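Below: one structure, written as structure tokens.
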Amino acid sequence: MTQHFPTRQLRFFLTAPTPCPYLPGRQERKVFTHLPLSDGPGVNDSLTQVGFRRSQNIAYRPACETCRACQSARAPAADYEFSRSERRALNRNNDLVRCLVEAEATLEQFELLRRYLTARHADGGMAEMTWPDYVAMVEDTAVRTHLIEYRRPSVDRGPGELVACVLVDVLADGLSLVYSFYDPTEERRSLGSFIILDHIVQARLTGLPYVYLGYWVPGSEKMAYKARFSPLEILKPGGWSLMSARERGARPPKAAPAPAVREIELSDAVPLTELPAAGKP
């Protein structure tokens, strides 16, 4: 797949190998670049379409030497078929108030994030996130982005209790869910799935074709939930295609050489430079 980018300022770097957070016993590497201030939204659009994700002002994607299990996934909004259980999840949360707010961090959001990380990802890479880290995650960006807060109805004319929040990039062809977190005690609400389903609804209402969900990793318990959404498109060497029923039940592929970086022709980039592993790309 060839993709040309509308800038000559992009420089791509390759991280050193680190333990894979999704598949035990494997090593991961990432290729990444800094999004330019001059055309951050346009470059983010182009890179997302070829499998990159955004973290602050960095766009990255897996570039592992012996594995290509990570596959970008997106839900086609117009063609999405809500199952009975998904409709129930939407209905269970129809009491929540959906608020679009500027990408500005608040202590209320951060306190909810800390509770979420402690309960769900205590051993993950974000477990030690501090307030300055969270501010940077939300506010350090050159792209079109915002936060969606989900709150209980107000009881005193002020904002209701915050129960979920998601950082969302607005792309030319859809919505990209950068990171979401929610009240871990509200298990009955299925808030993680609800956030995705609600954004499929919102994309459909606004005429945006896709909702980008990040990476699906066959065989990873952390990422298995994404295969439940149907239809779902995954990015393969030949382009985006619908996930098959066989792929939904797939096990992690055997380790094998994967030309993850060389699939993209970066005509405007300098050669990849070897760097130490990035802390939080």
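Here are the numbers for this structure:
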quantity: Cβ-Cβ under 6 Å pairs, at least 6 apart or on other chains, segment 214-236 side outside any loop (DSSP other than H, G, I, E, B), far side among the hydrophobic types (A, V, I, L, M, F, W, C) and open to solvent by 50 Å² or more (accessible area, probe 1.4 Å); calculated: 233/240; 233/242
quantity: Count of segment 66-89 residues which are buried (at least 17 other Cβ atoms within 10 Å of the Cβ) and not hydroxyl-bearing (Ser, Thr, Tyr); calculated: 12
quantity: Single residue of 149, 187 found to be out of contact with any helix residue (DSSP H, G or I) (no Cβ under 7 Å at 6 or more places or on another chain) and surrounded by fewer than 19 Cβ atoms within 10 Å (Cβ to Cβ); calculated: 187
quantity: All positions within segment 148-175 that are in contact with a Gly (Cβ under 8 Å, 6 or more places away or on another chain) and over 30 Å from residue 76 (Cβ atoms); calculated: 152, 153, 154
quantity: Residue satisfying all of: in segment 210-232; open to solvent by 30 Å² or more (accessible area, probe 1.4 Å) and touching a Lys or Arg at 6+ places or on another chain (Cβ under 9 Å); nearest to residue 74 (Cα to Cα) among these; calculated: 210
quantity: Residue match in segment 69-89 (condition: free of Cβ contacts under 8 Å to residues at least 12 places away in the same chain, assigned to a loop (DSSP other than H, G, I, E, B), of a type outside the set (Gly, Ala, Ser) and out of contact with any Pro (no Cβ under 8 Å at 6 or more places or on another chain)); calculated: no
quantity: Residue check for residue 10: more than 18 Å from residue 216 (Cβ to Cβ), among the aliphatic types (A, V, I, L, M) and open to solvent by 20 Å² or more (accessible area, probe 1.4 Å); calculated: no
quantity: Matching option when the condition is surrounded by 14 or more Cβ atoms within 10 Å (Cβ to Cβ), outside the structural domain of residue 54 (by the TED database) and part of a helix (DSSP H, G or I), among 135, 168; calculated: 135
quantity: Residue match in segment 241-260 (condition: crowded, with 18+ Cβ neighbours inside 10 Å, at pLDDT 50 or above and hydroxyl-bearing (Ser, Thr, Tyr)); calculated: no
quantity: Residue in segment 146-156 that is under 15 Å from residue 111 (Cα atoms), part of a loop (DSSP other than H, G, I, E, B) and either without any contact (Cβ under 8 Å) to a residue 60 or more places away in the chain or under 20 Å from the mean Cα position of the chain (by Cα) (or both) present; calculated: no
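The values are calculated or read from the model by the stated rules, or taken from the named source; none is laboratory data. All of these numbers come straight from a predicted model, not from anything done at the bench. Ideal geometry is used to build each Cβ from the backbone, glycine not excepted, and the neighbour counts take in all protein chains shown. All accessible areas refer to the heavy atoms of the entire protein, side chains included, with ligands and DNA or RNA removed. Shrake-Rupley method; radii C 1.70, N 1.55, O 1.52, S 1.80 Å.
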